[in-house]
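The values are calculated or read from the model by the stated rules, or taken from the named source; none is laboratory data. Since this is a predicted model, take the numbers as computed values, not measurements. As a convention, Cβ positions derive from the backbone with ideal geometry for all residues, glycine included, and neighbour counts pool all protein chains shown.
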């Protein structure tokens, strides 16, 4: 592949302290140079349309690719197609497949599927416990050797403090984070929505915010005890944010992520515009405005480390049922970036460079994977953003195999122009088809 | 009226009064020697019941028959539900046979909204999960009005398992829409969080709720709630929250005592209260037929007008 020189865009690369107009030279799938007015020297020059931003490839550290076992919802191929369309050059996939990713065989299978698809990078996350049953540790060294970058029993919290302690201690040996879906199962019970006024009037069983924060506090205490790193997945409750701030202040190794739906939506979506819409059923549930505002505050002040989607595809058959019976989860890969622009950057809640920390720098740091910067010599994983692009969300046109999104029809400002992995353009938005990116 | 009756939440006070006034006329039909009018002749109504129900199903069926509708009952035990068919598929299959209305009782809140989105037939909610039971609240209002001239000047106390009760939610919406002063009482473990935002008083003191009340509405306690640690024992529940003869003696003269049934004697209500002079429990059952006739008539009327 000939070398390519990208010109005419603003480069936002917080890891290297760059935020301004620079040229980016891509050679042999790697970033060769980033600088002002680089000479063409035989490389093909790509003059980008005005107003675009070049940033390190975005990394979604929380997705469900459903393969193996639930290919009717998503496959590694369709999930990574959705990822690159959403601007993500890499995704980390959760182990709650069928069978569970608790051994090298499953990890290897996922990685082979990812290589076949050859779109986004895929970083498998292994199970904490065998079968995610919360009883016996999975073979964590084997998982790491096979390519897993962290461990989690996502979907199922690690039920006992003892097993969580052991997981933090053991995974600490490999400097792997333990990612926790924090939820006290006894407080959750058979809840399906955030406990509060909305659930009360709609007659839905509630899940209080403290079901999350109780376990977050437990895990933070255990991280402090063991020196291990805990990452709080899809944080939704303001009490959990307080717990994270407490842990960080004490020097515990705790990080956390928030999903776009938890910083955009509230539980008022349960009743309107579509009452009992199963596309607003997810776990953790949409919480109330005070929780949503707390998440925005945490994103703004640096308490939140990462924006991750918890992309959870489900077949429409599975969602076309009673609210109680529908599975939890919504897709997120193809809506996240537009929601971030529209609800975080344009209103001035986070800066552009902070957004790149949330979507690229910090996920790479927490998972200890390459990426997150445009340093010379690094693989050319690059996302080209179109901050002012008018976007109308269309579930029908999504690459994901599943269409379970509550954002269908939303009009947002900001999107993806192109996604480049290993120097190869793996996604180009039709709006920019003439730009030869 | 709208296409469906999904809940009291969708009704205006005018629509509520229209139903209650229409029910007055319907009640008269039930007092005739031949209790049948041709109003809904040629209309097909499916009673689709996913939960066991004696009172509500019978009441709807009698109401439908008195209006000359063709009715059929699908109960969970005899339906293809056991073969794993989804609610949406069952509904679409019934739809394919072109009924005019579907009366749905279902254990999941919002089940009627799901049907409403996929069916042309008019949907009547006969109780969905913990959400609403609109015809129960309407028949309760009808009964209250038989004993009191105005609903908007009344103090109504509702006591019992508020959390799991669809009757509670429909009654709270209806009574507050009509301007009643509504007091809720029960153990804190069985109160829906945030319910006071609807505009009701909430107290754990039954005596405070009942003091000077014109209407006392008791809600059923499911015996299995003890397993969920909602309260320690049925005996303690009765002692703290039960409607005892002693409590009724202290109540306002002329108070009426209601219960949507089925009653647990000696749990939420003492037998001598349920069978006593202030109890209107069987009147409620009788009025249920008239109120459901009114709802069916008004919804079908919309069909005839071409909608």
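Hey, could you check the range A:389-407 for residues that are in a loop (DSSP other than H, G, I, E, B) and free of Cβ contacts under 8 Å to residues at least 60 places away in the same chain and say which is nearest to residue A:78 (Cα to Cα)?
Top of the filtered list is A:394.
Of B:161, B:128, B:100, which residue is under 30 Å from residue B:194 (Cα atoms) and more than 9 Å from chain A (Cβ to nearest Cβ)?
That would be B:161, the only listed residue that is under 30 Å from residue B:194 (Cα atoms) and more than 9 Å from chain A (Cβ to nearest Cβ).
Would you mind finding the one in A:305, A:242 that is more than 14 Å from every other protein chain (Cβ to nearest Cβ), closer than 22 Å to residue A:368 by Cβ and either surrounded by fewer than 24 Cβ atoms within 10 Å (Cβ to Cβ) or under 21 Å from the mean Cα position of the chain (by Cα) (or both)?
It is A:305.
Can you tell me which residue in the range A:315-332 is nearest to the other protein chains (Cβ to nearest Cβ), limited to those that are farther than 15 Å from residue A:257 by Cα and under 17 Å from the mean Cα position of the chain (by Cα)?
In this case the residue turns out to be A:328.
Which ranges mark the helices (runs of 4 or more DSSP H) fully within the range B:189-307 that have 2 or more residues being closer than 25 Å to residue A:202 by Cβ and either out of contact with any helix residue (DSSP H, G or I) (no Cβ under 7 Å at 6 or more places or on another chain) or at pLDDT 95 or above (or both)? Quick ask: steps written out before the conclusion?
Details: elements: B:206-210, B:234-241, B:245-250, B:271-274, B:281-304.
Output list reads B:281-304.
Could you tell me which residue of the range A:331-365 is nearest to residue A:177 (Cα to Cα), considering only residues that are part of a loop (DSSP other than H, G, I, E, B) and without any contact (Cβ under 8 Å) to a residue 12 or more places away in the chain?
The selected residue is A:351.
Would you list the helices (runs of 4 or more DSSP H) that sit entirely within the range A:108-203 and hold 1 or more residues that are within 14 Å of chain B (Cβ to nearest Cβ) and within 30 Å of residue B:193 (Cα to Cα)?
Result: A:185-188, A:197-202.
Does residue B:233 meet the test of being closer than 30 Å to residue A:185 by Cα, surrounded by 14 or more Cβ atoms within 10 Å (Cβ to Cβ) and away from chain A (no Cβ under 14 Å)?
no
Somewhere in the range A:130-148, is a residue touching a strand residue (DSSP E or B) at 6+ places or on another chain (Cβ under 7 Å), touching a residue at least 40 places away in the same chain (Cβ under 8 Å), surrounded by 20 or more Cβ atoms within 10 Å (Cβ to Cβ) and over 16 Å from residue A:312 (Cβ atoms)?
Yes, the range A:130-148 contains a residue that is touching a strand residue (DSSP E or B) at 6+ places or on another chain (Cβ under 7 Å), touching a residue at least 40 places away in the same chain (Cβ under 8 Å), surrounded by 20 or more Cβ atoms within 10 Å (Cβ to Cβ) and over 16 Å from residue A:312 (Cβ atoms).
Mind checking whether some residue in the range A:292-301 is within 18 Å of residue A:204 (Cβ to Cβ), touching a strand residue (DSSP E or B) at 6+ places or on another chain (Cβ under 8 Å), touching a residue at least 12 places away in the same chain (Cβ under 8 Å) and not in a loop (DSSP other than H, G, I, E, B)?
no
Enumerate the pairs (first residue in the range A:310-324 and modelled with pLDDT of 95 or more; second residue anywhere and in a strand (DSSP E or B)) with beta-carbon separation below 6 Å, excluding pairs fewer than 6 apart on the same chain, so at least 6 apart or on different chains.
The qualifying pairs are A:310/A:62; A:311/A:63.
Residue check, residue A:171 against (1) surrounded by fewer than 20 Cβ atoms within 10 Å (Cβ to Cβ); (2) in contact with a helix residue (DSSP H, G or I) (Cβ under 8 Å, 6 or more places away or on another chain), all met but one. Which one?
(1)
Taking the stated definitions as given, is residue B:178 over 24 Å from residue B:270 (Cα atoms), in contact (Cβ under 8 Å) with a residue 60 or more places away in the chain and in contact with a helix residue (DSSP H, G or I) (Cβ under 7 Å, 6 or more places away or on another chain)?
Yes: the conditions hold for residue B:178.
Identify all residues within the range A:271-288 that are closer than 21 Å to residue A:402 by Cβ, touching a residue at least 60 places away in the same chain (Cβ under 8 Å) and within 13 Å of chain B (Cβ to nearest Cβ); write none if there are none.
If the condition is that a residue be closer than 21 Å to residue A:402 by Cβ, touching a residue at least 60 places away in the same chain (Cβ under 8 Å) and within 13 Å of chain B (Cβ to nearest Cβ), then A:276, A:277, A:278, A:279, A:280, A:281 are the ones that fit.
Only one of (1) under 25 Å from residue A:404 (Cα atoms); (2) crowded, with 23+ Cβ neighbours inside 10 Å is not met by residue A:356, so which one is it?
Of (1) under 25 Å from residue A:404 (Cα atoms); (2) crowded, with 23+ Cβ neighbours inside 10 Å, only one is false for residue A:356: (1).
Within the range B:27-69, which residues are assigned to a helix (DSSP H, G or I), in contact (Cβ under 8 Å) with a residue 12 or more places away in the chain and closer than 27 Å to residue B:111 by Cβ?
Restricting attention to the range B:27-69, the residues satisfying the condition of being assigned to a helix (DSSP H, G or I) are B:27-29, B:55-66.
Restricting the remaining residues to those that are in contact (Cβ under 8 Å) with a residue 12 or more places away in the chain gives B:27, B:29, B:55-57, B:59-66.
Hits for the range B:27-69 are B:55, B:56, B:57, B:59, B:60, B:61, B:62, B:63, B:64, B:65, B:66.
Residue-by-condition table, conditions (1) modelled with pLDDT under 95; (2) more than 14 Å from chain B (Cβ to nearest Cβ); (3) over 30 Å from residue B:131 (Cβ atoms):
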| position | (1), (2), (3) |
| --- | --- |
| A:208 | no, no, no |
| A:213 | no, yes, no |
| A:216 | no, yes, yes |
| A:237 | no, yes, no |
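Can you tell me which residue among A:157, A:95, A:99 is without any contact (Cβ under 8 Å) to a residue 40 or more places away in the chain and either surrounded by fewer than 18 Cβ atoms within 10 Å (Cβ to Cβ) or at negative phi (or both)?
Result: A:99 is the single residue among A:157, A:95, A:99 that is without any contact (Cβ under 8 Å) to a residue 40 or more places away in the chain and either surrounded by fewer than 18 Cβ atoms within 10 Å (Cβ to Cβ) or at negative phi (or both).
Could you list, in sequence order, the residues of the range B:167-200 that are facing chain A (nearest Cβ under 10 Å), in contact with a strand residue (DSSP E or B) (Cβ under 7 Å, 6 or more places away or on another chain) and surrounded by fewer than 23 Cβ atoms within 10 Å (Cβ to Cβ)?
Answer for the range B:167-200, where residues must be facing chain A (nearest Cβ under 10 Å), in contact with a strand residue (DSSP E or B) (Cβ under 7 Å, 6 or more places away or on another chain) and surrounded by fewer than 23 Cβ atoms within 10 Å (Cβ to Cβ): B:191, B:193, B:195, B:196.
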